[in-house]
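Here's the structure, in structure tokens; my notes come after.
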Amino acid sequence: MIPDVPTAPAWTFRNHWMAQVAGHAQQRPEATALRHRGVDTSWAQLHERSLRVAGALRRRGVQAGDRVLLLTLNHSEFVEAVLAINSLGAIATPVNFRLAPAEVKYIVEDSGATVLLVDPMLAPLASAVVGMGAPLSTLVVFGEAEGFESYATLVDEQGPIELDDVAEDETALIIYTSGTTGHPKGAMLSHRNMQLQGLTCIRAMDMNDESDIGFLTAPFFHIAGLGSMVANLAVGIPTVIHPLGAFDPAEVVDAWEKERATIVFNVPQQWQAICALPGIKERDLALRIISWGAAPATDTVLRAMADCFPNAMNVAVFGQTETSPITCVLRGEDSLRKLGSVGLPIPTIQYRVVDELMNDVPRGEVGEIVYRGPTVTRGYWNKPAETAAAFAGGWFHSGDLVKQDEDGFVWVVDRKKDMIITGGENVYCAEVENAIAEHPDVLEVAIIGQADDKWGEIPVAIVAPRPGAEVTLEALTEFLDGRLARYKFPKELRTMELLPRNAGGKVLKTALRQDG
């Protein structure tokens with residue numbers, strides 16, 4: 001028999017970011033939680049403002065389970081709004097602001113949302129979506145825009161509400177996949193998913209120092225945004241939110257130096273630009289952890305990171321939206337010894353490497369990595385068939401082709417859908433891309449398959465040469481001789497100034513195939 005205990009609000013026993021922020025607001029009310037463009041938000045302010053906004057949204061009809069869209073850049077009010085939405089048991093749904101109106105309309109209709117929070121510069125996009133018939137009835141702007149209600153009104157109209165009891169297995173976020181194949185799918189991520197993601201980051205980054213300062217450049221509509229921040233909210237360290245826009249490596253490094261950032265994350269393309277900055281090795285930086293993910297990194301980029309930041313621990317994180325996102329981590333002590341690996345699977349996830357029939361493959365052989373565990377999505381919003389397919393055989397199918405070495409480290413061979421079969425031989429695009437990226441005249445490269453009457457498919461190289469350089473198929477063939485089996489060589493070459501990428505840094509191979 002459990003003895004009676006004094007009644008306490010149920011949410012105080014929960015492990016989610018609303019309760020964590022409330023705890024920090026009580027224990028360190030004046031300490032900085034967020035900083036954006038030099039303006040600090042304390043833990044007490046973050047807690048109170050989010051509960052004010054929650055009350056305002058409730059008065060506008062938002063209830064538990066409702067989806068609320070956020071079409072915004074990165075700023076502190078985004079975090080407030082997510083906390084407010086989740087405080088009602090509603091689901092925050094960030095939207096990629098680079099989408100076209102028809103694409104945003106699809107997400108509005110697929111999610112069933114009727115409430116949208118938007119930045120002033122994106123208000124015309126929201127208006128265009130409404131004009132196309134999207135059923136949005138409540139439009140709130142973080143600033144001022146004609147025909148939109150001001151977010152400041154939501155903050156100021158009434159005092160904070162008491163937190164609702166929201167269970168950890170309730171959906172906190174719907175993050176739409178990047179849409180590299182067909183319409184995007186909304187991955188449902190629960191509070192438990194995100195808290196286990198936070199634990200993964202805490203373990204991987206050795207986050208036991210309250211003097212750490214997190215620095216965020218990833219967009220919040222991408223899982224790398226909130227996925228990078230969830231550990232900061234749990235531990236109670238400040239997060240510097242860097243303004244979004246065209247990536248300026250010099251501006252980012254200046255901000256690192258000014259803010260004394262210790263934990264940073266960038267996609268490989270950004271690290272490449274940062275490492276190429278003149279004088280980067282002489283900068284007065286406080287970096288403790290330099291991490292990367294969201295797209296493959298070539299050996300060239302990884303060596304440059306090690307050379308430029310020898311005193312920082314390089315942590316590679318690998319995963320995908322549907323896994324909150326991290327599934328594998330390569331920590332600093334292994335980054336050179338296992339150069340090119342994405343590391344070891346995290347302890348909080350179950351995994352297998354399987355063939356097409358769901359049989360485990362021996363270490364050293366290529367198979368698809370599949371997952372189970374508390375960081376895995378509960379499925380895709382409003383898409384039961386796609387969810388069933390993703391969980392065929394009772395495991396979540398990542399679509400990543402990998403192999404494990406004798407120590408259990410995972411090496412990504414390719415995305416399953418990008419494998420090329422030429423003359424009966426499998427060609428894994430990532431392997432060829434990694435080899436071509438070593439060429440001194442190549443800035444970036446992607447390999448795609450092209451139908452061929454003789455071979456079935458042939459590899460085609462899409463190359464962005466370095467400024468002032470020229471790359472030819474003959475030069476690549478000569479360069480690859482001895483590096484790869486000849487059947488893996490690209491049979492055609494196309495050049496362009498820069499490869500198209502989505503906001504997460506991934507090359508849009510569907511666009512490259514269409515251009516061909």
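None of the figures in this text is laboratory data; all of them are computed from the coordinates on show. Everything numeric in this text was worked out from a predicted model, so none of it was measured. Counting neighbours? That spans all protein chains shown, and the Cβs are built from the backbone with ideal geometry, glycine included.
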*asked:* Give me the percent relative contact order of the chain, please, defined on Cα pairs under 8 angstrom at least 6 residues apart.
replied: 10 percent
_Full-extension gain in nm, A246 to R486, via 0.36 nm per residue minus C-alpha separation_ = 82.5 nm
*In Å, descending, principal axis extents of the Cα set of the range 1-95*: 52, 32, 20
_Isotropically averaged projected area of the range 244-326, using the convex hull of Cα atoms (one quarter of hull area), nm²_ = 5.6 nm²
_Backbone N within the range 42-85 under 14 Å of label point (7 Å from A167 Cα along the Cβ vector)_ = 65
*Taking the Cβ-Cβ separation of I421 and L357 as r and a Förster radius of 22 Å, what is the calculated FRET efficiency to the nearest 0.05?*
0.75
*Taking the chain on its own, what percent of its Cα-Cα pair distances exceed 47 Å?*
11 percent
*Under 12 Å from a point 7 Å along the Cα-to-Cβ line of T153: which residues of the range 55-72 have their amide N that close?*
60
*With the calculation restricted to Cα positions, what are the radius of gyration and Dmax of the range 419-515 in angstrom?*
12.8, 38
*Count the DSSP beta bridges whose two residues both fall in the range 193-416, then state the antiparallel fraction as a percent rounded to the nearest 5.*
65 percent
_Which of E444, E386, E259 has the fewest Cβ neighbours within 10 Å, and the rest in rising order_ = E386, E259, E444
*For the pair H183 and E333, what calculated FRET efficiency results from E = 1/(1 + (r/R0)^6), where r is the Cβ-Cβ distance and R0 = 35 Å, to the nearest 0.05?*
0.25
*Work out how much length T138 to L473 would gain on full extension: take 0.36 nm times their residue separation and subtract the Cα-Cα distance, in nm to one decimal.*
115.1 nm
*Would you mind ranking F13, F78 so that the residue whose beta carbon has the fewest other beta carbons within 10 Å leads the list?*
F13, F78
_Where Rh is the Kirkwood radius over Cα pairs, Rg/Rh for the range 246-392_ = 1.05
_Can you give me the long-range amide H partners of V413? Hydrogens built in the peptide plane at 1.01 Å from N, cutoff under 5 Å, separation of 5 or more residues or another chain._
L401, V402, K403
*Report the local net charge at M358: Lys and Arg +1, Asp and Glu -1, summed over other residues whose C-beta lies under 12 Å from its C-beta.*
-3
_Dipole axis of the chain (+1 Lys, Arg; -1 Asp, Glu on Cβ), positive-most option in A485, G423, T495_ = G423
_Inter-probe distance in nm under a simple model that places probes 7 Å from Cα toward Cβ, at D515 and D405_ = 3.4 nm
*Count the DSSP beta bridges whose two residues both fall in the range 22-166, then state the antiparallel fraction as a percent rounded to the nearest 5.*
20 percent
*For A8 and M121, compute 0.36 nm times the residue count separating them, minus their Cα-Cα distance, and round to one decimal in nm.*
36.3 nm
*State, as an integer percentage, the relative contact order of the range 345-474 based on alpha-carbon contacts under 8 Å between residues 6 or more apart.*
16 percent
*Using a/c under 1.5 as the rounded threshold, could you call the range 63-133 rounded, prolate or oblate? The axes a ≥ b ≥ c are square roots of the C-alpha gyration tensor eigenvalues, and prolate needs a/b larger than b/c, oblate otherwise.*
oblate
_Cα convex hull of the range 22-166 - mean projected area over all directions, nm²_ = 8.4 nm²
_Greater than 21 Å apart at Cα, pairs in K105/K416; K338/K491; K281/K338; K488/K509; K105/K506_ = K105/K416; K338/K491; K281/K338; K105/K506
